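Notes to accompany the following structure.
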Amino acid sequence: MTLEGRRIVCDYGPVRALAGIDLHAAGGEIVAIVGPNGAGKTTLLRVLSGERRPDRGEVTLNGSRVSGSDAAWRARIGLVSHRTGLYEKLTAMENLRFFAALHGLARSGRKLTATLDAVGARGLAGRRIEALSRGQRQRVALARSLLHDPEFLFLDEPFSGLDPEGAAGLERALVARRNDGVAVVLVTHDLRRGLRLADRVVVLRRGRKVLDGEAAEDEAAEILDHFTAGAPDP
Amino acid sequence: MGSTRVRTTGLLLAWAGIAAILLVHWMVAFWVPTEAAQGVVQRIFYVHVPAAWTTFLAFGIVALASAAYLWLEDERADAAAVAAAEGGLIYGAIMLISGPLWGRIAWGTYWTWEPRLTLTLLLWFTYLGYFLIRGSVADPRRGKRFAAVVAIVGSLNIPLIHVSVSWFRSLHPGPVVIKPEGPTLHPDMLTTLLVSLAGFTLLFLGLFALRYSIELVGRRQARVEDAALAGGVS
Amino acid sequence: MMRELRWSWLIARKDLSLEFRAGGRLLSMIAFVVLAGFLFGFALDKSQVPGRAVVASLTWLTVLFASTAGAGRIFDMEEEDGAFRHVLLTPVSRRAVFIGKTVANLTLTWLITALSFVALTSFLGVRTWGSLAAHAAIFLPGTIGLSATATFFGRMSRHSNLGDSLLPVLTFPLLAPVMFFGATASARVFMALPWDEISGLARLLWAFAIGSVAVGAVLFHHVTDE
């Protein structure tokens with residue numbers, strides 16, 4: 001089970017966000033996509049998740065093309081972004097129940113509470129999202145992304161705004177999923193965290209891949225060089 | 001057909017159209033007999049009727065090209081749609097200005113709920129919306145798609161608008177309508193009208209082809225510049 | 001089919017409960033409708049123009065203005081914290097999303113319609129209403145067409161940096177037939193004309209209603225997906 005992007009090109013009008021990226025993510029690994037702002041990380045994530053159709057190139061899963069317009073594909077993926085994507089006027093439980101129902105799952109209250117407990121959001125079920133802290137919301141959002149046991153988990157800057165405790169909890173949850181065989185694709189501008197957490201780090205710069213490899217601390221310096229190399233962004 | 005050939009064809013058509021329109025102005029001013037019932041003002045019709053015809057020709061092209069764009073996502077279809085829509089907006093404006101000018105003298109009022117005039121006004125606003133939505137969406141690809149949807153929905157609505165404006169007129173009998181293009185049209189008048197129709201159509205097709213080729217070149221230019229930047233803009 | 005209906009129902013129910021919990025917005029909409037009725041009544045010289053002659057047109061206009069404003073709002077709630085992206089990432093069909101949103105919008109539009117009707121007839125001093133069942137038979141298809149159109153373009157205008165100012169430009173030309181058929185038919189109901197003289201207009205309103213829902217359902221994925 002390998003998700004594979006080949007020669008992905010993405011344009012926003014005259015701006016080329018991705019200029020021919022190859023990338024793969026297999027079950028049971030965490031792939032971190034890191035890079036400075038405007039490197040094309042989020043666009044790449046949207047292409048991999050099928051939300052955005054690339055202008056050229058394709059994303060395939062075991063050889064067949066992946067598309068966001070395919071409901072069967074959407075049933076297999078989960079997403080956490082820096083915007084929590086929850087309804088503020090609904091409680092955590094109502095949010096989960098709504099999204100579970102859209103997935104066609106009749107989840108009992110107890111099961112949903114267990115999902116919340118598993119991500120460290122114990123006791124939040126009955127509270128409205130507007131009354132929760134940033135870290136608590138992010139945990140509910142994570143619970144939502146895991147409701148339907150996705151095989152692919154996409155995360156777009158999930159750590160932004162989290163306190164150290166919340167970030168550590170999120171990291172544990174991601175590692176647990178990875179160990180269950182889920183393919184985790186993580187976008188972050190935080191290189192150190194990416195290195196620590198991921199099995200493989202992909203470094204993007206100006207829409208191009210400048211590094212793709214096993215992550216190890218000793219490579220950090222080299223990767224950091226890539227960040228600072230060359231002329232400053234226009 | 002390459003864009004150079006499109007441009008050459010466009011130039012030829014446009015010059016032929018301009019020549020015919022100059023000829024029409026001479027005919028209208030010095031050659032065609034004055035219509036007995038309405039007098040000099042009837043001569044506006046040699047501008048008004050061809051403008052109306054080209055407006056609908058243009059909007060027809062927009063609707064077809066937009067449907068093709070949604071179906072095939074071919075940039076050329078979008079380029080054709082936008083080129084025709086610009087022409088339609090301009091010819092529509094000529095129709096909407098010349099109609100009331102004639103109406104002021106013939107009917108004694110600037111605005112009448114003449115079905116075709118009303119229909120054109122509503123369509124004109126629909127195509128104004130076409131350009132507004134196109135230009136105001138951050139992602140150009142999405143803007144093109146939205147514009148195409150507006151064009152299609154707008155054209156689907158034409159029959160209902162037509163029924164409503166015809167019905168509306170029957171409720172409010174306006175001043176007596178004199179049909180200038182009745183069967184009793186003087187042969188010289190018919191000749192003038194036909195020359196004018198040909199001139200307007202040729203000029204429109206010429207401008208359409210020119211605009212289309214410019215649109216294509218512009219899009220290609222953006223690509224080339226982009227590639228020269230050695231990989232994307234951050 | 002059952003799945004689609006269930007999705008639509010989920011979305012409509014969620015939208016309505018959000019709308020009712022954010023009470024302030026609903027209240028401001030109600031205030032808008034009542035104030036509009038009041039101002040129409042205030043601004044019209046009723047010795048020159050009898051209220052009965054204009055009440056139908058003004059009701060339709062109030063409903064049009066209030067419901068196009070509401071359509072944008074139904075997507076504002078979705079965009080609050082990027083929730084709509086997550087809705088679209090579930091297997092839910094775009095058709096079902098469109099129908100659900102239209103139903104939510106329609107429910108609010110009915111509320112607006114009933115309020116406008118009462119406010120305008122009161123402030124314009126219209127005492128004879130004609131048949132209420134006939135009024136309902138006109139407003140039903142009219143508001144369906146209105147809500148479907150407003151929902152469709154409401155989603156589109158969310159992506160535009162012109163925002164709410166764009167929505168009327170996109171929808172009013174399309175809704176011109178609804179305004180005409182609806183206002184004419186309602187005026188005839190107020191005049192207590194026999195249904196035979198109204199049914200033709202009702203059929204045209206149904207044509208628009210069915211057409212706009214069908215076209216919206218077919219094309220909606222073009223305005224949601226990238």
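Where a number appears in this text, it was derived from the coordinates with a stated rule and is not lab data. Since this is a predicted model, take the numbers as computed values, not measurements. As a convention, Cβ positions derive from the backbone with ideal geometry for all residues, glycine included, and neighbour counts pool all protein chains shown.
For the range A:85-149, what is the Kirkwood estimate of the hydrodynamic radius, computed as the reciprocal of the mean inverse distance between distinct Cα atoms, to one decimal in Å? One over the average 1/r among Cα pairs gives 11.2 Å for the range A:85-149. Dividing the radius of gyration of the alpha carbons in the protein assembly as shown by their Kirkwood radius gives 1.04 for Rg/Rh.
Computed from the Cβ-Cβ distance with R0 of 41 Å, the FRET efficiency linking A:Arg7 to C:Arg21 stands at 0.30.
Our helix-only sum for chain B, with -39,500 (n - 2.57) per DSSP H run of n ≥ 4 divided by its residues, gives a mean residue ellipticity at 222 nm of -27000 deg cm²/dmol.
Which helices, taking whole DSSP H runs in chain C, have alpha carbons extending 18 angstrom or more along the helix axis plus mean Kyte-Doolittle at least 0.5? Membrane-span-like by this criterion, though nothing is claimed about a membrane: C:23-43, C:51-79, C:94-123, C:132-158, C:166-190, C:196-224. Rg and Dmax, both from the Cα atoms of the range C:80-157 and both in Å, are 16.7, 52. With helices as the sole contributors, chain C gives -29500 deg cm²/dmol at 222 nm; each DSSP H run of n ≥ 4 counts as -39500 (n - 2.57), and the sum is divided by every residue. In this simple spin-label model, placing a label point 7 Å from the Cα along the Cα-to-Cβ direction at both B:Leu11 and A:Asp212 gives a separation of 4.7 nm.
Here the relative contact order of chain C, from alpha carbon pairs under 8 Å that lie six or more residues apart, stands at 30 percent. Can you work out the FRET efficiency for the pair A:Ala176 and B:Trp71, with r the C-beta to C-beta distance and R0 = 30 Å, to the nearest 0.05? Plugging the Cβ-Cβ distance into 1/(1 + (r/R0)^6) gives 0.10.
This ranking places A:Thr43, B:Thr118 by how few other beta-carbon atoms lie within 10 Å of each, fewest first, which gives B:Thr118, A:Thr43.
Three semi-axes describe the equivalent ellipsoid of the range B:1-157; taken as square roots of 5 times the Cα gyration tensor eigenvalues and ordered largest first, they are 33, 21, 10 Å.
Here's the list of lysines a cross-link from A:Lys41 could span, going by alpha-carbon distance under 16 Å and ignoring same-chain residues fewer than 8 apart: A:Lys209. Distances between placed amide hydrogens fall under 5 Å for A:Arg200 paired with A:Ile30, A:Ala32, A:Ala215, all partners being 5 or more residues away or on another chain. Evaluating 6.51 cos²θ - 1.76 cosθ + 1.60 at θ = phi - 60° for every residue in the range A:70-81, the Karplus couplings come out as 9, 4, 5, 5, 4, 5, 9, 10, x, 9, 10, 10 Hz, glycine and proline recorded as x. Between A:Ala168 and C:Glu79, the FRET efficiency estimated from the beta carbon spacing at R0 = 41 angstrom works out to 0.85. Viscosity 1.567 mPa s, temperature 4 °C: Stokes-Einstein D of the range A:1-150 from its Kirkwood Cα radius, in µm² per second? Translational diffusion coefficient: 77 µm²/s. Exposure proxy shown here: for A:Arg172, B:Arg43, the number of other Cβ atoms within 10 Å sets the order, fewest to most, as A:Arg172, B:Arg43.
Computed from label points 7 Å out along Cα-Cβ, the spacing between A:Arg65 and C:Arg127 is 7.0 nm.
For chain B, the longest principal axis of the C-alpha atoms and the axis of helix B:45-72 are separated by about 30°. Extending 7 Å from Cα along the Cβ direction at B:Leu190 and again at B:Ser166 yields two label points whose distance is 2.5 nm.
Ranked for footprinting exposure by Cβ neighbours inside 10 Å, fewest first, B:Tyr130, B:Tyr110, B:Tyr46 give B:Tyr110, B:Tyr46, B:Tyr130. Beyond 24 Å between alpha-carbons counts as too far, so tell me which of A:Lys89/B:Lys144; A:Lys111/C:Lys101; A:Lys111/C:Lys14 fall in that bin. A:Lys89/B:Lys144; A:Lys111/C:Lys101, as the Cα separations exceed 24 Å there. With Cα atoms as the point set, the radius of gyration and Dmax of chain C evaluate to 17.9, 60 Å.
Round to a whole angstrom and tell me the spacing of the C-alpha centers of the range B:146-161 and the range A:25-95. When both Cα centres are located, 33 Å separates them. About its Cα centre, chain C has a charge dipole of approximately 380 debye under the convention of +1 per Lys or Arg Cβ and -1 per Asp or Glu Cβ, with nothing else charged.
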